[in-house]
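None of the figures in this text is laboratory data; all of them are computed from the coordinates on show. Computed from a predicted model, the values in this text were never measured in an experiment. Cβ sites come from the backbone with ideal geometry, for glycine too, and all protein chains shown count toward neighbours.
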Amino acid sequence: MTKKELALEIIERLKKEYPMAECTLDYDQAWKLLVSVRLAAQCTDARVNVVVQELYAKFPDVNALAEAEVSEIEAIVKPCGLGHSKARDISACMRTLRDRYQGKVPDDFDKLLELPGVGRKSANLIMGDVFGKPAIVTDTHCIRLTNRMGLVDGIREPKKVEMALWEIIPPEEGSDFCHRLVMHGRDVCTARTRPYCDRCVLNGICPKIGTPDAES
């Protein structure tokens with residue numbers, strides 16, 4: 001089975017196991033997803049979803065956040081960790097949206113990358129979830145699972161994993177596939193415990209299942 005064939009089979013099995021593929025960060029506007037994904041670095045989505053409620057209650061739109069003092073933002077987002085750097089990036093990002101894009105989030109990947117605090121993972125998330133465009137989000141779950149599944153070979157650098165996956169994942173499947181990897185990585189193919197290979201939907205096609213290094 002080629003990597004492309006393996007990828008297609010994995011996609012179909014994960015679709016059946018997780019029919020609802022969606023981002024676990026709460027948002028109802030594009031700029032809010034930008035804020036949340038920055039806060040989610042080294043923090044759980046669940047905690048971010050709680051913290052942003054207070055943030056948006058005090059600063060309900062792009063202009064309000066752009067005008068806020070970094071210290072005001074930091075005081076609220078501190079529970080997410082790395083409070084100062086995250087608050088600084090959020091402030092700078094919102095100012096850029098206000099000053100260059102009339103408060104709107106651009107639907108261009110390269111322009112997204114120019115925003116303060118926005119890297120490839122965040123830009124892909126916005127492109128896929130907000131604008132419905134092809135995207136591959138190489139978060140820690142994606143990197144861990146695609147290596148275990150044999151879709152990439154010992155690659156840990158996010159951009160290299162992304163580029164390798166673009167070669168084998170149909171563009172229209174990329175965004176949802178990555179969301180399903182997050183779900184599968186949290187529930188079955190876990191990082192901090194031995195993966196639950198005995199109840200894995202990929203049993204029979206995943207090269208790691210049943211091997212001594214299955215928990216790696």
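What to note about this one:
- Among the listed pairs Lys3/Lys32; Lys15/Lys121; Lys58/Lys86; Lys32/Lys159; Lys4/Lys121, those with a Cα-Cα distance over 29 Å are Lys3/Lys32.
- Cβ-based exposure ranking for Thr140, Thr2, Thr96, in which fewest neighbours within 10 Å come first: Thr2, Thr140, Thr96
- For the stretch 120-128, 3J(HN,Hα) computed residue by residue from phi via the Karplus equation (6.51, -1.76, 1.60; θ = phi - 60°) reads 4, 4, 5, 5, 5, 4, 5, 4, x Hz, glycine and proline entered as x.
- For the chain, the spread of Cα positions along the three principal axes, ordered from largest to smallest, is 55, 32, 28 Å.
- Modelled label positions at Phe109 and Asp26, each set 7 Å beyond Cα in the direction of Cβ, lie 3.2 nm from each other.
- Computed from the alpha carbon atoms alone, the convex hull of the stretch 98-216 holds 112 Å³ per residue.
- Principal-axis analysis of the Cα atoms of the chain puts helix 140-149 at an angle of about 10° to the longest axis.
- Cα gyration tensor, the stretch 30-130 - rounded (a/c under 1.5), prolate or oblate: oblate
- Counting only DSSP H runs of at least 4 residues, each contributing -39500 (n - 2.57), and dividing by the residue count of the chain, the helix-based mean residue ellipticity at 222 nm comes to -16000 deg cm²/dmol.
- Going from the residue with the fewest nearby Cβ atoms within 10 Å to the one with the most, Phe109, Phe59 rank Phe109, Phe59.
- ³J(HN,Hα) computed for each position of the stretch 177-184 - Karplus, 6.51 cos²θ - 1.76 cosθ + 1.60, integer Hz, glycine/proline x: 4, 5, 5, 5, 5, 4, 4, 5
- Across the stretch 30-130, the relative contact order, built from alpha-carbon pairs under 8 Å that are at least six residues apart, equals 30 percent.
- Cα long-axis angle, helix 30-39 against the chain (0 to 90 degrees, to the nearest 10): 70 degrees
- Helix 3-17 axis, angle to the chain major axis (alpha carbon atoms, nearest 10°): 70 degrees
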